[in-house]
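Take a look at the structure set out below.
Please treat every number below as a calculation from the coordinates, not as lab data. Note that the structure is predicted; figures quoted are calculated from it, not measured. Here the Cβ positions follow ideal geometry from the backbone for every residue, glycine too, while neighbour counts run over all protein chains shown.
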């Protein structure tokens, strides 16, 4: 009974999570071939021990050397990092005032406000990204509106640029930023601010010296919750971005589906994982520290 | 402190306008007569009619619901087992690896999960179709379920289970009669989360589906790539309506249960 309880989910994850990674790692060391499956070598156990040795001898780091030598990949990794960092910052700029206002709202309103933040999160991600195509395109609603109020004379090109990608990311990931910040601010004791003001702080000083430091765990958690998934994002850059938008998730997709180069796609995946380890470990540390502080 | 300053009111208004206006536009323009999606030409429900005639779309919707139902149910069973093992079963061989495998899929980029599963299915010679999408969705969804369920398991006292065991219940009876009713709300929200994640997934489904099984997100994505279409607006409106009704109903039910529990506790 107990063995089954541990064994079934364990085995499931081993077979469908860990083994697939082994396969990705292995194929990243293989060479591309015109065959089915399109890489070489493939393991042939019937050849016995010498076949296995020959198999391992054929694995090499050629694909990683190729990634390092080709500008496209460097630029894609760097530009993913840049896009993820900028959009995380923008999400924080939009999300913090909202979280702050929600935490200051009358207690009776808060469940409804929370609901309004969470509701879009349950709605299809794809549809929420799609909604922006009609708004940002050259004949879209934003251009129509701006032309109508006379701010611009020519329609702006926003769709298929990085700006559209930033807007899409801020829009879809906003709940991930608001919720952790709200949960730290909600617990904050309002009398701290009154005390600071009594002691001669200006409102702005009290905000920077008390509210922001207290909200820090939430700000850090929210930022990682936006930054980590954005780094490997595929849907937003491919629908809202243009040919100039380089993001590694899109490169991996194209390498795999359009170029059919499985070994290079696998190598791209391995490097992306290595880059992700740093923010993931930092995020875990932040969560642990917060959990300990609450004990 | 309970009066909102102007600044707070402005940031809430602007923030919620930003969150809701894009979806509102989508809904309004799904009733547009014109095929040009950004020009209003009068009220019409014809795109809904065309959507219902679109058999490829209906088939895809059916596949999507089937996949979501199967994978979320499997994921709920596996995820609840995993959570129970992690919270209640102390040490066992390979516990660190196990907890790593539960948390890793939560932060894994979808393109990597999709790629690795596809390579596995090809390596073992499994034909891609409904089955492979269900396997893929179950794997990442069970991790979300286990996080939701374990937070509930941690928060309640295991002495209740011990009491049941002392009074002669078997472990299974103690789980079924004591633990399960207590964690039931978390199990249900885990199932709902898994169901929505599966309905919504484009990337992993694109990697793991074959020509015999196309899901709705794959269908939407390939038509959206060519630009905005009123039919997709109509479909989006239907999805938004279902989700809104579902989430509101769930929250009203859970709110009622909480009030009832509080009343019972007050009465006792």
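Distances between every pair of Cα atoms in region A:61-294, grouped in 5 Å steps from 0 to the bin holding the largest one, split as 1, 6, 11, 14, 14, 14, 12, 10, 8, 5, 2, 1, 0, 0 percent.
Summarise the partner chain shielding of A:224-230 as one whole number: the mean count of Cβ atoms from other chains within 10 Å of each residue's Cβ.
Values: counts 1, 1, 0, 0, 4, 5, 1.
The shielding value for this peptide is 2.
Relative to the dominant Cα principal axis of chain A, helix A:2-13 is inclined by about 80°.
Here the simple spin-label model places points 7 Å from the Cα toward Cβ, and for residue A:214 and residue A:157 these points are separated by 4.9 nm.
At a Förster distance of 25 Å, what's the computed FRET efficiency of residue A:145 paired with residue B:249, Cβ-Cβ distance as r, to 0.05? It would help to have the intermediate numbers written out before the result.
On the way: r = 35 Å, r/R0 = 1.41.
Efficiency at R0 = 25 Å is approximately 0.10.
If the chain linking residue A:204 and residue A:191 were pulled fully straight, counting 0.36 nm for each residue of separation and taking away their Cα-Cα distance, it would gain 3.1 nm.
Determine the shielding of peptide A:161-174 by partner chains: average, over its residues, the number of Cβ atoms on other chains within 10 angstrom of each Cβ.
That works out to 1 on average.
Take the alpha carbon atoms of region A:85-131, find their center, do the same for region B:72-97, and report the distance between the two centers in whole angstrom. Taking the Cα centre of each part, region A:85-131 and region B:72-97 sit 32 Å apart. In degrees, nearest 10, range 0 to 90: what is the angle between the Cα axis of helix B:180-200 and the longest Cα principal axis of chain B? Compared with the principal axis, the helix lies near 30 degrees.
Peptide A:2-8: average number of partner chain Cβ atoms within 10 Å per residue? Could you put the intermediate results ahead of the total?
Working: counts 4, 1, 1, 9, 11, 3, 5.
If you average over the peptide's residues, the count of other-chain Cβ atoms is 5.
Grab the eigenvalues of the alpha-carbon gyration tensor for chain B, scale each by 5, take roots, and send me the semi-axes largest first in whole angstrom. Working shown, then result.
On the way: eigenvalues 303, 164, 59 Å².
Taking √(5λ) for each eigenvalue gives 39, 29, 17 Å, largest first.
Computed from the Cβ-Cβ distance with R0 of 60 Å, the FRET efficiency linking residue B:21 to residue B:92 stands at 0.70.
Mind telling me which of B:237, B:96, B:179 comes out most flexible in a GNM of chain B, alpha-carbon contacts under 10 Å? Comparing B:237, B:96, B:179 in a Gaussian network model of chain B, the most mobile one is B:96. Working from Cα positions, state the angle (0 to 90°, nearest 10) between the long axis of helix A:71-104 and the longest principal axis of chain A. So the inclination is approximately 30 degrees. Quote the FRET efficiency, to the nearest 0.05, computed for residue A:49 versus residue B:159 with a Förster distance R0 of 56 Å and r equal to the Cβ-Cβ distance. So the FRET efficiency works out to roughly 0.50.
Structure remark: mean-square fluctuation, Gaussian network model of chain B, C-alpha springs under 10 Å; the largest value among B:172, B:40, B:191 belongs to B:172. Relative to one another, the C-alpha centroids of region A:150-176 and region B:165-194 are positioned 47 Å apart.
In percent, how large is the relative contact order of chain A, given Cα pairs closer than 8 Å and 6 or more residues apart? Once divided by the residue count of chain A, the mean separation gives 26 percent. Once both labels are positioned 7 Å from their Cα atoms along Cα-to-Cβ, the gap between residue A:25 and residue A:69 label points is 2.6 nm.
Below 8 Å between Cα atoms, with a sequence gap of 6+, how large is the relative contact order for chain B in percent? Working shown, then result.
Details: 260 pairs, mean separation 80.9, N = 268.
Rounded, it is 30 percent for chain B.
Relative to one another, the C-alpha centroids of region A:221-247 and region B:113-164 are positioned 25 Å apart.
Can you list, bin by bin at 20 Å, the percent of alpha carbon pairs in the protein assembly as shown, starting at 0? Reading the bins upward from 0: 18, 51, 28, 3, 0.
Calculated from the alpha-carbon coordinates, region A:134-179 shows an Rg and a Dmax of 12.7, 40 Å respectively.
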